[in-house]
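Colleague: My questions will all concern the structure given below.
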Amino acid sequence: MKYGNHQSNLIIHPAKMIPLLSSVLLSGPGIGAEICNGISSKTIDASMSLNAGDTCTATQTITLDSGVTVPDNISLYAPVVRFFSPVYLQGNLHIAQSDPATTPSPLNDTGITWCADDSDNDLSCPVTGYPGQDAEYGRDVTHNDDSDGHAGFSFTKLDAEGNPLPASATSWSCVKDNVTGLIWEVKTDDGGLHDKDDLYNWYSTYPNTNGGGMGYADDDGAICYGYDPNDPATYCNTQAYVIRVNQAGWCGYHDWRMPTIEELRSLVDYSLPSPGPTIDTDFFPNQVNSQMWSSSPDASHPLGVWLLDFGYGGNWAGGKDMSQFFVRVVRGGK
Amino acid sequence: MNRFDFRPFILWVALFLVSVGAARAAQYCSSHIPRSTPDADFVDHGDGTVTHKETGLMWSKCLLGLSGDDCEFITDDNIHYTWQEALEAAEASTLAGYNDWRLPNIKELASIVELACYAPTINLTIFPNNPTVYVWSSSPGANNYPRYAWVLSFYLGMSDMYGRHEGNHVRLVRGGQ
């Protein structure tokens with residue numbers, strides 16, 4: 001298994017313990033790597049022992065000798081692993097997931113609080129002959145409280161350091177979804193790195209997750225903040241954006257990633273009509289009513305990736321072939 | 001007057017078509033996409049129901065109108081339902097002795113999409129003989145689509161809206177928050 005290319009990021013889900021259950025052989029020319037967990041970092045040395053509490057910075061580099069064999073039964077907490085050169089792993093790297101039986105991931109409700117018949121909406125529930133509709137079940141019934149997001153949604157605003165703010169706060173940088181546990185980037189309208197209008201190509205160098213096609217690294221255009229044609233780190237693609245956000249940090253976290261299509265869908269408020277945006281803009285301002293990239297490739301085509309269209313709430317597959325769409329990164333979850 | 005009953009014949013033709021369809025439409029799964037609904041995430045209760053441990057939702061193993069361990073038997077010669085018929089059929093179902101079956105909302109329905117596969121985009125071990133068809137959700141379209149409701153295509157995994165009078169398939173769900 002080959003992990004990584006120049007300046008690439010291997011994002012392992014945060015808060016997931018990664019016991020190395022069997023030997024892993026790391027080899028490759030001049031391996032450099034850093035492992036960060038956002039707040040503190042662990043340093044890899046030749047024996048892969050970890051020193052808790054080391055501060056991780058974007059420039060910290062750990063050099064591994066070629067052919068280092070990692071002993072058994074070492075546990076890592078490492079959401080972000082960045083390899084600066086190709087790394088070859090032999091053997092099995094077991095990523096232990098928490099038992100799903102004990103930790104279900106609740107789904108967000110849809111936001112729909114009215115019933116319908118064949119031709120009309122906004123009817124009181126129940127409607128005779130149309131039993132058991134969306135609006136009669138779920139958090140939109142049991143937790144219908146608009147103070148923390150429309151109907152069953154429950155959001156908490158976070159400041160630039162990740163501290164919770166009251167819902168009345170007028171300035172915030174991230175939002176925690178209290179149902180799904182995910183923490184979301186809030187877009188800005190300041191022309192900076194997080195600006196809502198910035199466009200990206202879809203790009204991923206990870207063959208296990210990129211659907212069989214990497215996409216485009218460079219659109220040859222200044223479609224995002226700080227684009228420099230001479231600096232690949234500033235190219236306007238999704239992978240470079242995630243690395244830039246993690247290097248700079250946002251809301252105190254360095255383990256941001258692209259959301260899956262289901263994670264994007266979790267934010268959709270289906271009660272809102274097109275042209276949208278179909279999201280609670282009290283918590284997610286600067287949301288374009290347009291398509292946003294997910295991390296989820298379309299299985300039917302190596303150039304396809306799922307998009308969530310916040311203009312009406314549906315999802316469809318867009319092309320990695322230099323298509324330009326918007327991005328909102330996420331962290332946390334399972 | 002003694003009329004010839006076409007119903008068994010139609011049933012056998014339909015069964016043949018479903019079988020041929022299943023054989024012809026070979027599912028493709030990509031090795032470059034992580035599985036979103038691996039077998040281990042489900043408990044098959046052996047009574048036509050499965051529980052998705054990720055969400056806690058219980059699902060009918062077969063689409064409404066199909067039955068059997070591999071959903072190979074057709075128990076209803078019309079497995080297309082309008083949105084109203086789908087809501088009523090879910091309400092009336094007593095599958096596995098439960099009387100609280102309902103249609104899934106669109107987020108619940110999308111939670112069993114297998115993102116690594118298509119044609120169909122579902123785990124066929126857990127949900128066998130799933131034709132690549134549109135399945136109804138309980139979620140009506142918003143106010144500029146008052147004659148539509150959300151469906152999910154289990155061919156590619158696209159969500160879309162369909163006219164409430166049109167016929168689509170039904171998978172039952174129960175439980176959840």
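A short reminder: the numbers here are calculations on the coordinates, not readings from a lab. On a predicted model such as this, the values are computed, not experimentally measured, just so you know. Neighbour counts run over all protein chains shown; Cβ positions are idealised from the backbone, glycine included.
Colleague: Near residue A:322, within a Cβ-to-Cβ distance under 12 Å, what is the net charge of the other residues, with Lys and Arg +1 and Asp and Glu -1? Provide the component values of the computation, followed by the final result.
Modeller: Numbers: positive: A:320; negative: A:218, A:219, A:220, A:321.
Here the charged neighbours net out to -3.
Colleague: Next question, about the same structure. Once Lys and Arg get +1 and Asp and Glu get -1 on their Cβ, which of A:193, A:230, A:214 lies farthest toward the positive end of the dipole of the range A:182-248?
Modeller: After comparing all options, I get A:214.
Colleague: Going by how many other Cβ atoms sit within 10 Å of their own, how do A:130, A:206 line up, fewest first?
Modeller: So the residues, fewest neighbours to most, are A:206, A:130.
Colleague: Can you give me the long-range amide H partners of residue A:290? Hydrogens built in the peptide plane at 1.01 Å from N, cutoff under 5 Å, separation of 5 or more residues or another chain.
Modeller: Those qualifying (amide H under 5 Å, at least 5 residues apart or on another chain) are A:310, A:311.
Colleague: Here's something else I'd like to know. Which FRET efficiency, nearest 0.05, do residue B:43 and residue B:100 yield, Cβ-Cβ r, R0 22 Å? List each step's numbers first, then the result.
Modeller: Values: r = 18 Å, r/R0 = 0.83.
Taking R0 as 22 Å, the efficiency between residue B:43 and residue B:100 is 0.75.
Colleague: Dipole of the range B:79-131 (Lys/Arg Cβ +1, Asp/Glu Cβ -1, origin at the Cα centre): which of B:118, B:82, B:93 lies farthest to the positive side?
Modeller: B:118
Colleague: A further question on this structure: Using modelled backbone amide H atoms (1.01 Å from N, in-plane), which distant-in-sequence or interchain residues come within less than 5 Å of residue B:66's amide H?
Modeller: Answer set, sorted by chain and number: B:75.
Colleague: My understanding is that a pair violates if its Cα-Cα distance is over 29 Å; which of A:176/B:53; A:320/B:53; A:176/B:61; A:187/B:53 do that in this structure? Provide the component values of the computation, followed by the final result.
Modeller: Numbers: A:176/B:53 23 Å; A:320/B:53 33 Å; A:176/B:61 34 Å; A:187/B:53 33 Å.
Distance filter (> 29 Å) returns A:320/B:53; A:176/B:61; A:187/B:53.
Colleague: Kirkwood Rh over Cα pairs of the range B:7-174 into Stokes-Einstein at 25 °C, 0.890 mPa s: D in µm²/s? Working shown, then result.
Modeller: Numbers: Rh = 16.2 Å.
Answer, rounded: 152 µm²/s.
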